[in-house]
Amino acid sequence: MRVRPERLNVAIAGLFMAGSGCFVLGSVPAYLNGVGGWVDGVTYVVGSVFFTSASYCQLVQSQSPSTTAVDEVTQHEPARVRLWGWLPHDRNWLAAAIQFPGTLFFNISTVAALTHNATAAESDRYVWRPDLYGSVLFLVASACAVLAVSDRFLSVQLQSFPWRIAWLNMLGSVLFMASAVASFVVPSTDALLDTRLAVAGTFWGAVCFLVGAALMLPAWRRAVATATPASP
């Protein structure tokens, strides 16, 4: 299978932006009040599907060197991609490989959340747990991504697009984790542990992912502009 590297990168950025946009929209109280709980839930489901699609494309990109080792000319030429790979010593691949199952957990969680009249125990088992597992995987993936672009975890490289993207995703993952913990349904009250934190964590976490995905476009343009032209 062959794809044009530039188009693959645009697809990844676009899908992540679409997924993040759905999560931002779904966490706005005015939207929930306007469309109702079921439509709001469907918005999250659609967003999670976008996330999963983007994550798989990113995994394919990370295990297909021919889609990233390009310059301004070869970025437009079809390149062979690997639909399956095993590169555990490559931190970029590791980040993508850990992130992908995390998005699958979000698929499970968002679909389960559409179930009406679920008890607190059922909500915690079918909605909260997958959400928590997905958030943990996102955190680990973000840590791998930071290490992939930095020699040291806490090094500061403000001029680097990859560094900014990695840390925006890290912040988004931390906020998603906070939201997941706050979304635990307390059996004695059938209420969330902290509704405000659950909503705010989802909203601002998705905003971080949205901005990080948008930065993938100028990051790509800078990378190919400074790349050494491929030998004929």
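The values are calculated or read from the model by the stated rules, or taken from the named source; none is laboratory data. Just so it is clear, the model here is predicted, and its values are computed rather than measured. Virtual Cβ from ideal backbone geometry, glycine too; neighbours counted across all protein chains shown. For accessibility, only protein heavy atoms count, side chains too; no ligands or nucleic acids. Shrake-Rupley method; radii C 1.70, N 1.55, O 1.52, S 1.80 Å.
Below, the figures for the structure above:
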{"item": "S66 being closer than 30 Å to T195 by Cα and either of a type outside the set (A, V, I, L, M) or crowded, with 22+ Cβ neighbours inside 10 Å (or both)", "result": "no"}
{"item": "Unmet requirement for G172, which otherwise passes all of (1) open to solvent by less than 40 Å² (accessible area, probe 1.4 Å); (2) outside any loop (DSSP other than H, G, I, E, B); (3) out of contact with any Gly (no Cβ under 8 Å at 6 or more places or on another chain)", "result": "(3)"}
{"item": "Matching entry among R152, R164, R196 (being open to solvent by 50 Å² or more (accessible area, probe 1.4 Å), within 23 Å of L217 (Cα to Cα) and without any contact (Cβ under 8 Å) to a residue 60 or more places away in the chain)", "result": "R164"}
{"item": "Any hit, segment 33-54, residues being at pLDDT below 95, open to solvent by 30 Å² or more (accessible area, probe 1.4 Å) and closer than 20 Å to L192 by Cβ", "result": "yes"}
{"item": "Failed item, numbered, when T228 is tested on (1) in a loop (DSSP other than H, G, I, E, B); (2) free of Cβ contacts under 8 Å to residues at least 60 places away in the same chain; (3) of a type outside the set (A, V, I, L, M)", "result": "(2)"}
{"item": "Which numbered condition Q58 misses (of (1) touching a strand residue (DSSP E or B) at 6+ places or on another chain (Cβ under 9 Å); (2) under 20 Å from G212 (Cβ atoms); (3) free of Cβ contacts under 8 Å to residues at least 60 places away in the same chain)", "result": "(1)"}
{"item": "Of all residues making up segment 80-115, the number that are free of Cβ contacts under 8 Å to residues at least 60 places away in the same chain and open to solvent by 80 Å² or more (accessible area, probe 1.4 Å)", "result": "8"}
{"item": "Residues that are at pLDDT 95 or above and not hydrophobic (A, V, I, L, M, F, W, C), drawn from segment 105-128", "result": "N107, S109, T110"}
{"item": "Every residue from segment 12-44 that is among the hydrophobic types (A, V, I, L, M, F, W, C) and touching a helix residue (DSSP H, G or I) at 6+ places or on another chain (Cβ under 6 Å)", "result": "I12, A13, L15, F16, M17, A18, C22, F23, V24, L25, L32"}
{"item": "Flag if V140 is open to solvent by 40 Å² or more (accessible area, probe 1.4 Å), assigned to a helix (DSSP H, G or I) and touching a helix residue (DSSP H, G or I) at 6+ places or on another chain (Cβ under 6 Å)", "result": "yes"}
{"item": "Within segment 143-163, considering residues that are of a type outside the set (A, V, I, L, M) and part of a loop (DSSP other than H, G, I, E, B), the one farthest from H89 (Cα to Cα)", "result": "Q159"}
{"item": "Sole exception among (1) crowded, with 18+ Cβ neighbours inside 10 Å; (2) under 18 Å from the mean Cα position of the chain (by Cα); (3) not polar (S, T, N, Q) for A11, by number", "result": "(1)"}
{"item": "Some residue of segment 53-69 being among the β-branched types (V, I, T) and either within 19 Å of G172 (Cα to Cα) or more than 21 Å from the chain's Cα centre (by Cα) (or both)", "result": "no"}
